[in-house]
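Q: Mind having a look at this structure? Questions to follow.
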Amino acid sequence: LFIADTGHHRVIVTGHDGRFLAAIGSGRRGSADGAASAAQFAAPQGLAVHGSSLLVADTGNHAVRAVDLASGRVTTIAGTGAFEPAAARGKPLASPTDLVVHHHSDGAGGDQVLVAMAGRHQIWRLDPSGETAEPLAGSGEELRLDGDFADSAFAAPSGLALEARRLFVA
């Protein structure tokens, strides 16, 4: 099990019995890639497994990070640490709070990571490598408004769940 230990700026790994196995992150607030023991997070929240990586919504750093589950190495795949919108690796994100992996089982394309972008009041999509990131749904206005992707609005979305082809947003 992977647990976002938000207040201690790390991710905890436990067995299904709750037994502590490892910590990912030094426990010091910051933004540093590297080995699990030296890496730094700032209030990580949402987590999702994609292949052999654990994806982390590193909310306080306005970034999405990947942890190689074999080596424990942490790498930033999207975001720069600045609170601003953007559309590619190395560009700023805005308070990502949760993420979920959408697997394309119909062969229509590669997997996508859907991200609750609380600071932009939108849902974004990015490819797991972080090469592209862009808004998927939400006008960017802080409202609760049903509608198509571009006209809908959210107020600081904070949680995501995917069931079949439906995305549920908290």
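Q: Counting just the Cα atoms, what span does the chain cover along each of its three principal axes? Round to the nearest Å and put the largest first.
A: 44, 35, 28
Q: Arrange the peptides 135-144, 158-167, 2-11 so that the one whose residues have, on average, the most other Cβ atoms within 10 Å appears first. Kindly include the intermediate steps, with their values, before the conclusion.
A: Values: 135-144: 16.0, 158-167: 12.1, 2-11: 17.8.
By packing density, highest mean first, the sequence is 2-11, 135-144, 158-167.
Q: Accessible area per residue for the chain in Å², computed with a 1.4 Å probe and the full protein assembly in place, what is it? Show your work: numbers first, answer last.
A: Details: 8330 Å² over 170 residues.
I get 49 Å² per residue for the chain.
Q: Hey, what do the phi angles of the stretch 151-159 turn into as Karplus ³J(HN,Hα) couplings, whole Hz, using 6.51/-1.76/1.60 and θ = phi - 60°, x for Gly and Pro?
A: Along the stretch 151-159, the couplings run 9, 6, 8, 10, 10, 6, x, 10, x Hz.
Q: May I ask for the net charge around residue 152, where only other residues with Cβ less than 12 Å from the Cβ of residue 152 are counted and Lys, Arg are +1 while Asp, Glu are -1? Write down the numbers at each step before the final one.
A: Details: positive: 144; negative: 141, 146, 148, 151.
In short, -3.
Q: Taking amide hydrogens as modeled 1.01 Å from N in the peptide plane, which residues meet the under 5 Å criterion relative to residue 122, leaving out close sequence neighbours?
A: Distant-sequence amide H within range of residue 122: 117.
Q: If packing is taken as the average number of other Cβ atoms within 10 Å across a peptide's residues, how do 65-74, 121-130 rank, most packed first? Walk me through the numbers on the way to the answer.
A: Numbers: 65-74: 18.0, 121-130: 20.2.
Descending packing order for the listed peptides: 121-130, 65-74.
Q: Separate question: Less than 15 Å Cβ to Cβ from residue 26, Lys/Arg counted +1 and Asp/Glu -1: what total charge do the surrounding residues give?
A: Working: positive: 10, 28, 29, 65, 73; negative: 5, 33, 58.
So the environment of residue 26 carries a net charge of +2.
Q: Could you run the Debye sum over the Cα atoms of the stretch 1-74, one equal point scatterer each and no solvent, and tell me log10 of I(q)/I(0) at q = 0.15 Å⁻¹, two decimals?
A: -0.40
Q: A further question follows. When a/c reaches 1.5 or more, the comparison of a/b and b/c decides; with that in mind, is the stretch 107-170 rounded, prolate or oblate per its Cα gyration tensor? Could you put the intermediate results ahead of the total?
A: Numbers: a/c = 1.84, a/b = 1.52, b/c = 1.21.
It is prolate, given that a/c is not under 1.5 and a/b is the larger ratio.
Q: Turning to a different aspect of this structure: Using a Gaussian network model of the chain with C-alpha springs under 10 Å, which one of 154, 41, 20 is most mobile by mean-square fluctuation?
A: The residue with the greatest mean-square fluctuation here is 20.
Q: Using the Karplus curve 6.51 cos²θ - 1.76 cosθ + 1.60 with θ = phi - 60°, what ³J(HN,Hα) values do you get for each residue of the stretch 29-38, in whole Hz, with x for Gly and Pro?
A: 5, x, 9, 9, 7, x, 4, 3, 6, 9
Q: Enter the Cα centre distance for the pair the stretch 1-19 and the stretch 22-41, rounded to the nearest angstrom.
A: 13 Å
The values are calculated or read from the model by the stated rules, or taken from the named source; none is laboratory data. All figures in this text were calculated on a predicted structure; none of them were measured in a lab. Neighbour counts are summed over all protein chains in view; Cβ atoms, including those assigned to glycine, are modelled from backbone coordinates with ideal geometry. Just so you know, the surface numbers come from the protein's heavy atoms only, side chains and all, with ligands and any DNA or RNA stripped out. Shrake-Rupley method; radii C 1.70, N 1.55, O 1.52, S 1.80 Å.
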